[in-house]
C-alpha cells in the first residue's frame with residue numbers, strides 16, 4: 001500500500017525509550033522521516049539501533065514514547081503497520097527447501113496479495129532473479145538470498161522498508177548487487193530506514209543521516225549537509241567518542 005504524497009511525515013518517532021531491566025537501551029529518541037526519503041542510521045554496537053528497528057517493526061514494545069508509521073501507532077495498530085512495512089535484515093527469513101518462486105508465493109498468501117503469480121514475477125525481475133525462479137533457495141549464494149529477501153520485503157508493495165545491516169556477510173560483488181537493487185528503489189515513493197556500519201555506502205544512499213550512541217541520537221541532518229565521507233567519519237568519531 002504505497003502512499004502517493006512524498007510531503008507527509010511517514011515515520012514519526014517521539015520520546016522513545018526502552019529498558020531491559022535496569023539497563024536503558026534507548027533514551028528519548030526523536031526523529032521523523034517524510035514519505036519517499038532514505039534515512040541511514042549509523043552507530044557503534046550497543047547504540048540501540050537494532051532495538052529501534054525492532055520497535056518500528058512491531059517486534060518489540062517500547063517502554064515509553066510512541067512510534068507512528070503511516071499514521072498508525074505501532075503499539076496500538078500492529079497489524080495495520082505490518083501491512084505497510086517490509087523488513088530486511090542479515091537474517092533472510094527464507095526457506096532453503098523451497099524455490100525462489102515458492103518462497104514468495106508463501107509470503108504472498110500471508111498478505112493475501114491478488115494475482116500473486118504476476119506479482120512474484122514482477123519482484124523477481126526487479127531484483128534480478130527472474131531466471132532463478134524455479135531454483136531451490138538452498139543453492140543460492142548469500143548475495144542472491146539477500147536479493148530474494150528484498151523481493152520478499154517489497155512483495156506486498158510496502159510504503160516503508162526497514163533495513164537492519166542488510167550488507168552483513170556479503171562479499172564485494174554481492175554488496176554491489178544489493179546496492180544496485182536499493183538504488184533502483186530511489187524515486188519509487190518507498191520510505192527507507194537503513195542501519196549500516198558502512199559510512200560511505202550509507203551516506204551515498206541517504207537523504208538523511210543519523211548517528212546514534214549510548215541509546216540516543218547524537219546527530220541528525222540532511223545528507224547534503226555533510227560534505228563528504230571524510231567529514232561524516234569525523235562527525236561519527238566525535239559523536240561516538242566515550
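The values are calculated or read from the model by the stated rules, or taken from the named source; none is laboratory data. What you see is a predicted model, and the numbers here were worked out from it, not measured in a lab. Virtual Cβ from ideal backbone geometry, glycine too; neighbours counted across all protein chains shown.
Evaluating residue 40 against the criteria (1) in contact with a helix residue (DSSP H, G or I) (Cβ under 7 Å, 6 or more places away or on another chain); (2) free of Cβ contacts under 8 Å to residues at least 40 places away in the same chain; (3) closer than 25 Å to residue 142 by Cβ leaves one unmet condition, (2).
In the stretch 193-213, what residues are surrounded by fewer than 16 Cβ atoms within 10 Å (Cβ to Cβ) and either in contact with a strand residue (DSSP E or B) (Cβ under 6 Å, 6 or more places away or on another chain) or in contact (Cβ under 8 Å) with a residue 60 or more places away in the chain (or both)?
At the first step, the residues of the stretch 193-213 found to be surrounded by fewer than 16 Cβ atoms within 10 Å (Cβ to Cβ) are 197, 200, 204.
Across the stretch 193-213, the qualifying residue is only 197.
The number of residues in the stretch 74-97 that are surrounded by fewer than 20 Cβ atoms within 10 Å (Cβ to Cβ) and touching a strand residue (DSSP E or B) at 6+ places or on another chain (Cβ under 6 Å) comes to 1. For the structure I just gave you, tell me whether residue 103 is surrounded by fewer than 15 Cβ atoms within 10 Å (Cβ to Cβ), free of Cβ contacts under 8 Å to residues at least 60 places away in the same chain and closer than 18 Å to residue 146 by Cβ. Criteria not met by residue 103. Residue check: residue 109 meets all listed conditions (1) in contact (Cβ under 8 Å) with a residue 12 or more places away in the chain; (2) loosely packed, with under 15 Cβ neighbours inside 10 Å; (3) touching a helix residue (DSSP H, G or I) at 6+ places or on another chain (Cβ under 9 Å) but one, namely (1).
If residue 76 satisfies all but one of (1) without any contact (Cβ under 8 Å) to a residue 40 or more places away in the chain; (2) under 30 Å from residue 197 (Cβ atoms); (3) not in a helix (DSSP H, G or I), what's the number of the condition it fails? Going through the list (1) without any contact (Cβ under 8 Å) to a residue 40 or more places away in the chain; (2) under 30 Å from residue 197 (Cβ atoms); (3) not in a helix (DSSP H, G or I), residue 76 breaks only (2).
Restricting attention to the stretch 108-146, the residues being assigned to a helix (DSSP H, G or I), at pLDDT 90 or above and closer than 15 Å to residue 184 by Cα number 4. Count, please, the residues in the stretch 147-193 that happen to be under 22 Å from residue 109 (Cβ atoms), assigned to a helix (DSSP H, G or I) and touching a helix residue (DSSP H, G or I) at 6+ places or on another chain (Cβ under 7 Å). Number of matching residues: 6.
Here residue 114 meets the list (1) within 30 Å of residue 34 (Cβ to Cβ); (2) touching a helix residue (DSSP H, G or I) at 6+ places or on another chain (Cβ under 7 Å) almost entirely, failing just condition (2).
Give me the residue from the stretch 158-179 that is more than 14 Å from the chain's Cα centre (by Cα) and crowded, with 17+ Cβ neighbours inside 10 Å and, out of that set, modelled with the highest pLDDT. Working first, answer last.
Going residue by residue through the stretch 158-179, those that are more than 14 Å from the chain's Cα centre (by Cα) are 169-177.
Still in the list and also crowded, with 17+ Cβ neighbours inside 10 Å: 170, 174-175, 177.
Working: 170: 76, 174: 73, 175: 79, 177: 74.
Among those residues, the one meeting the criterion is 175.
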